[in-house]
Each structure stands twice: as C-alpha cells, then as structure tokens.
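What follows is a set of notes on a single structure, which appears directly below.
The values are calculated or read from the model by the stated rules, or taken from the named source; none is laboratory data. The shown structure was predicted, so the numbers you read here are calculated from the model rather than taken from an experiment. With ideal geometry, Cβ positions are generated from the backbone for all residues, glycine too; neighbour counts draw on all protein chains shown. Areas reflect the complete protein model, heavy atoms only, side chains present, ligands, DNA and RNA absent. Shrake-Rupley method; radii C 1.70, N 1.55, O 1.52, S 1.80 Å.
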Amino acid sequence: MTDLELIDAAKEASRQSYSPYSKFKVGAALLSDDGSLYKGCNVENASYGATCCAERTALFTAVADGKRRFSKLAVAGSSDGTFAIITQPCGVCLQALSEFCSGEFEVLLTDKIGIRKMKLSDYLPYPFEKASMEG
Ligand code: THU
C-alpha cells in the first residue's frame, strides 16, 4: 500500500467520525506487518475526557483483531473536509502506539501541500515503557 493510499484511507475513515462537540473529524489508517489495514475515527463523548482519538480507535481495533506489529499510520483531520492543515497525533496516542511500535514506525500526515513523513521517535524519543519500571 502506498503512502498516498494510506492517507486516502485515513481521510475516508474520518467520514465515520462522531464529533458533535469539536466538529473536528479525524481519521486514522494503520497498516499491520502482514498488510492488513485498520481504520479508526475519533469518537467523542458528552463527558469530554471519555473521547477516543482516531489513532487509538484504529490501534485498539487492530490489537483486538490479534495484530501487534505495525509498519505505518496515516492521520487526517478536518473540520471542513479540506484537510488543509496537518493533524498532529496527541501525546496519549503516541504513548499508546509506543507500546507496540518501535521508534522507526512511520507516521504519515497530510495538508494542502502534500504528505509529511515522521517517525514515532521524532515525536516521542523517550516513551514510558516496561523497562522504565525495572529500576
Ligand atoms: N483528535 C484525534 O482524533 N486525533 C488527533 O490526533 C488529535 C485530536 C480528536 C479528539 C477530539 O475528538 C477532536 O480531535 C478535537 O480534539
């Protein structure tokens, strides 16, 4: 699957967004090592803190389907359907991804210019991990 196809899958996923509060529709598309694709959208809640971001929706759906190894993730968000501005993954989602993905894991973002490719370690060079509790 090309980067552009993964971005398109993230945009497609954003159409399922349940975001009556922010009106900001986010989609994520996560590619597992075996080539399976998992899509997720943000799911908001009247108790705002119970909201789940698109990235974690995709990740947890994949894990619930038995997948634990992933190669890349695309994220696309928009309030007006133009996807003109990059949607950066939040810190909670980065930490959740770090449980299953190495620092080399690719994060693909999009804006009106094109695609930006990041590594998980660009965002979160020092994740809290199992080894963090071994001292
Ligand atoms: N959101 C995501 O789904 N992913 C991100 O990377 C950033 C934020 C959602 C959460 C909430 O529903 C809305 O965007 C506004 O914060």
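Values as computed for the structure displayed
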| item | result |
| --- | --- |
| Most mobile listed residue (Thr61, Thr110, Thr51) in the chain, GNM with C-alpha springs under 10 Å | Thr51 |
| Candidate residues Tyr38, Tyr18, Tyr126: accessible-area rank, largest first, probe 1.4 Å | Tyr126, Tyr18, Tyr38 |
| Electrostatic dipole magnitude of the chain [Cβ: Lys, Arg +1; Asp, Glu -1; Cα centre; debye, to 20] | 260 |
| Accessible-area value, Lys23, 1.4 Å probe, nucleic acids and ligands omitted, Å² | 130 |
| Relative contact order of the chain, pairs being alpha-carbon contacts under 8 Å that are 6 or more residues apart, as % | 20 |
| Cα-Cα over 28 Å, subset of Lys11/Lys130; Lys23/Lys67; Lys23/Lys130; Lys11/Lys117 | Lys11/Lys130; Lys23/Lys67; Lys23/Lys130 |
| Amide hydrogen neighbours beyond the local backbone of Lys119, cut-off 5 Å, H modeled | Val107 |
| Longest to shortest principal axis, alpha-carbon extents of the chain, angstrom | 47, 37, 27 |
| Global geometry of region 1-74, whether rounded, prolate or oblate, following the gyration tensor of its Cα atoms and the 1.5 cut on a/c | oblate |
| Mean Cβ count within 10 Å, highest first, over the residues of peptides 80-87, 7-14, 26-33 | 26-33, 7-14, 80-87 |
| Sequence-distant aspartates and glutamates (8 or more away, or on other chains) whose Cα lies within less than 18 Å of Lys119 | Asp3, Asp33, Glu55, Glu99, Glu104, Glu106, Asp111, Glu129 |
| Three principal axis lengths of region 69-109 [C-alpha, angstrom, descending] | 33, 19, 12 |
| Cβ-based net charge around Leu109, under 14 Å, with every Lys or Arg adding one and every Asp or Glu removing one | 0 |
| For the chain: accessible area per residue (Å², 1.4 Å) | 56 |
| Derived scalar couplings ³J(HN,Hα) [region 21-28; Karplus, 6.51 cos²θ - 1.76 cosθ + 1.60; whole Hz; x for Gly, Pro] | 8, 7, 6, 9, 8, 10, x, 9 |
| Residue among Glu99, Glu55, Glu44 with the largest mean-square fluctuation in a Gaussian network model of the chain, springs linking Cα atoms under 10 Å | Glu99 |
| Most mobile listed residue (Lys119, Lys72, Lys25) in the chain, GNM with C-alpha springs under 10 Å | Lys119 |
